[in-house]
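The values are calculated or read from the model by the stated rules, or taken from the named source; none is laboratory data. Since the model is a prediction, treat every value here as computed from it, not as a measurement. Quick reminder, even Gly has a Cβ in these numbers, built from the backbone with ideal geometry, and neighbours come from all protein chains shown.
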Amino acid sequence: MKKILEKLKFYTRNFSPLSKLILLLVFFYGSYKFVSSIKENKLVVFYVLIFMMSIVFHEVAHGFVAYLNGDNTAKNMGRLTLNPLKHVDIVGILLPLTLVFLGIPAIGWAKPVPVNYRNLKNGKISIFFVAIAGIATNLILAIIAALVYKILFTTSYFDRYLFEIREIASYVFSLNVLLASFNILPIPPLDGSKILTLFLNKKYEYKYLILEKYGFLIILILIWTNILNIILNPIHYFFVRIIKLITGV
């Protein structure tokens, strides 16, 4: 708990005292709601695990593509693993979950996989593939989930466990489309910002990346003002339409 509070303190270092107090109260109340929901529905545990692993797959994809393009940094630091303990940022999991259980749209994050862009073999082309890898991975997971849902939906045999698997597949689909939509936004340090920097000259790239230290605050404001939903809706709809065309769902 002490480590979690220290992380919260770091993320809210630019907040006013009142904002910090409100966020802390939301965090503890949301945690209480989360524990209560587990008692009512054991599938919540699966949802949390899926949430964690979807983010882990996203981060490992960055490191793996960087490795294929000549950078061993993630591999040498033991980050090319699906072990969530190597990737999960506890605040990046718990804080969004508390907001979700309070009925507030939210998204999570993991510790970024380290990439040394100087080691990449093909310059900006490699940077692009590394940046897009996480988004592509989430979309692939969404496609797999859509196919599973389609297979289970067309079966005439009804079983409670098959129904629950179908519900989980639906959740995997929705979550990973949301993660892809969120990460393509050009807000540092999200993946979309790394793609955008490829089209900026050095002068503007430096000024743009200064925003990274305010990225968390910007995202939080967008969530609370519901602007994030307005931005994400057309991106989400586009990805859903593409996946439906591919899978025939």
- Checked against (1) free of Cβ contacts under 8 Å to residues at least 12 places away in the same chain; (2) in contact with a helix residue (DSSP H, G or I) (Cβ under 9 Å, 6 or more places away or on another chain); (3) aliphatic (A, V, I, L, M), ILE210 satisfies every condition except (2)
- Message: Being within 22 Å of PHE128 (Cα to Cα) and in a helix (DSSP H, G or I) is true for just one of ILE223, ILE218, ILE231, ILE210. Which residue is that?
- Response: ILE210
- Message: Considering only residues that are outside any helix (DSSP H, G or I) and either within 23 Å of the chain's Cα centre (by Cα) or free of Cβ contacts under 8 Å to residues at least 12 places away in the same chain (or both), which ones fall in the stretch 234-249?
- Response: none
- Query: Using beta carbons and a limit of 7 Å, which pairs, at least six apart or on different chains, have the first residue in the stretch 125-136 and within 9 Å of HIS62 (Cβ to Cβ) and in a helix (DSSP H, G or I) and the second one β-branched (Val, Ile, Thr) and modelled with pLDDT under 95?
  - Reply: VAL130/VAL115; ALA131/ILE195
